Amino acid sequence: MASVEASVDASFEIDEVKAVLGWHHDGVPQYLAEPDPKSSFIHFTLHFDTTLALFEISIPISYKQHTRTSAICIRINPRSITSLTQSIVRDLPDAAKPIFGFTSAICLDFELNDAVTVLIPSFISEPVTAARKRSGIIINSLYELTQATSLRIYIPEDTLSQGQLEFLSTATAQQKLHPFSGPDYDIARWFWGRGAKVTTLPAPPPPSYNKATADQANIPLYSESITFDPPTTSHKRKRSQDAVGKRVQVPDSAVIWAKLLELEATVQHHPPPATIPGDQSQHIKELHAIIDKLQTQSTQYEQKALDRETEVTNLRIQLAQCEKKVLALETEVAALRDAQDNADNTGSVEISEMQENILDLEGKIDYVTRGKDDDDFAHILKEDILNELIVRISRG
């Protein structure tokens, strides 16, 4: 859920709300709505304070060097924004409908005079390479986005109020926005404190083999319209575009027949375009089979990688549960130790009392054993009795 803070001085923040990106490439609208993995969302962060602004987009992807899910970030420099308009879109593009529950959304239209900035973790080497096919598609799409000067960002309708949108549009129109600064906006603290760096995304790779061969198959080996057009018998004379007023010289029949004989000889020595040697055709079939096999293996490996990520996630959950159990056991052992110490102390007191009772009993037994004829013992006994009487009399 987005966190929105607003005040009378027109400062507000939204942090990591789900978003969909839109732009045009070669005149065709393009959209980026699903990150990698698809279970997560593209997030948009906006901080605004009178003349300061932050526009930041985070897209989860998986890097080849760091298979654990990370992110690639896009920052829009506030100084590069020449226009920012906002609207409520009721008829969302198909790519955005599942993200916003087939309802309406706020649309922020940016016009830029400079490319957006792409940020990646500092521990990722360049050029940036993806670990999975979906991440590769995202990187290629972001490369197209960096070439665009118009950007559209869709966010939930309840993210910003109309007043906040108007403040934002007015500040942009006045060309007085600047980036935030300070430790909270320092990219050196990104990605678990390991930092981020600016990068230039590589251009998408050339078309695949299948597409390239399909395009080549459509290219004729020669121009039929030029080679086999019969000579015109019209008496109308065409005017040359290079020299207006000069008449085109029509070749005589001997020259025409000579050209036809030359073309016939060329065709006889040129293999028919539809005929391909058997070994070459077989080689092409083998290449197609290899490509299909590699694509199947790639899909299997991607599935295995997803399964491994699920297993790792489950193991991490189990590890966390085990750590909680160990902590509980340690607490229980500490309690048992305290109870044992208390029991030992109680036992020591009881043993001391028992020893005193034993000594008292030994004295009595000694008196009984020695009898009344022992004057020393009788004297001791009298003193004990007198002392006891004195104590009791003193107590009242």
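Quick note: the coordinates plus some simple rules give every number you see, no bench work behind them. A quick note: this is a predicted structure, and the numbers were derived from the prediction, not measured. When we count neighbours, we look across all protein chains shown, and the Cβ atoms used for this are built from the backbone with ideal geometry, even at glycine.
Taking label positions 7 Å along the Cα-Cβ direction at both Ala305 and Ser348, the computed distance is 6.5 nm, reported to one decimal.
Here's how it looks for Ala71: its modeled amide H is under 5 Å from those of Ile61, which are all 5 or more places away or on a different chain.
One quarter of the convex hull surface, Cα atoms only: what value does that give for region 73-201 in nm²?
Its Cα hull, projected and averaged over all orientations, spans 9.3 nm².
Spin-label model, Ala203 to Thr50: label points 7 Å out along the Cα-to-beta-carbon direction sit 4.7 nm apart. Ordering 341-353, 100-112 by mean Cβ neighbour count within 10 Å, with the highest value first, yields 100-112, 341-353.
Across region 118-126, rounded Karplus estimates of 3J(HN,Hα) from the backbone phi angles (6.51 cos²θ - 1.76 cosθ + 1.60, θ = phi - 60°) give 9, 10, 10, x, 5, 8, 8, 7, 10 Hz, Gly and Pro being marked x. Just going by the charge dipole of region 40-112, with Lys and Arg at +1 and Asp and Glu at -1 on Cβ, which of Leu92, Leu52, Ile74 is farthest out on the positive end? Comparing the listed Cα positions along the dipole, Ile74 ranks first. For the set Lys64/Lys324; Lys97/Lys197; Lys18/Lys324; Lys38/Lys64; Lys97/Lys293; Lys18/Lys325, the pairs lying more than 26 angstrom apart at their alpha carbons are Lys64/Lys324; Lys97/Lys197; Lys18/Lys324; Lys97/Lys293; Lys18/Lys325.
Computed 3J(HN,Hα) for region 345-356, one whole-Hz value per residue from the Karplus formula 6.51 cos²θ - 1.76 cosθ + 1.60 where θ = phi - 60°, is 5, 4, x, 5, 4, 5, 5, 4, 5, 5, 5, 5, glycine and proline marked x. Couplings 3J(HN,Hα) of region 71-78, computed from phi: 8, 10, 10, 10, 10, 9, 5, x Hz, in residue order, whole Hz [Karplus 6.51 cos²θ - 1.76 cosθ + 1.60, θ = phi - 60°; x for Gly and Pro].
Given axes a ≥ b ≥ c from the Cα gyration tensor, I'd like to know whether region 114-176 is rounded (a/c under 1.5), prolate (a/b larger than b/c) or oblate. Please report the intermediate quantities before stating the final value.
Details: a/c = 2.66, a/b = 2.06, b/c = 1.29.
Because a/c hits 1.5 or more and a/b exceeds b/c, region 114-176 counts as prolate.
Our summary gives region 1-125 a relative contact order of 19 percent, counting only alpha carbon pairs under 8 angstrom and 6 or more residues apart. Here the gap between Glu126 and Val28, fully extended at 0.36 nm per residue and compared with their Cα-Cα distance, gives a gain of 32.4 nm.
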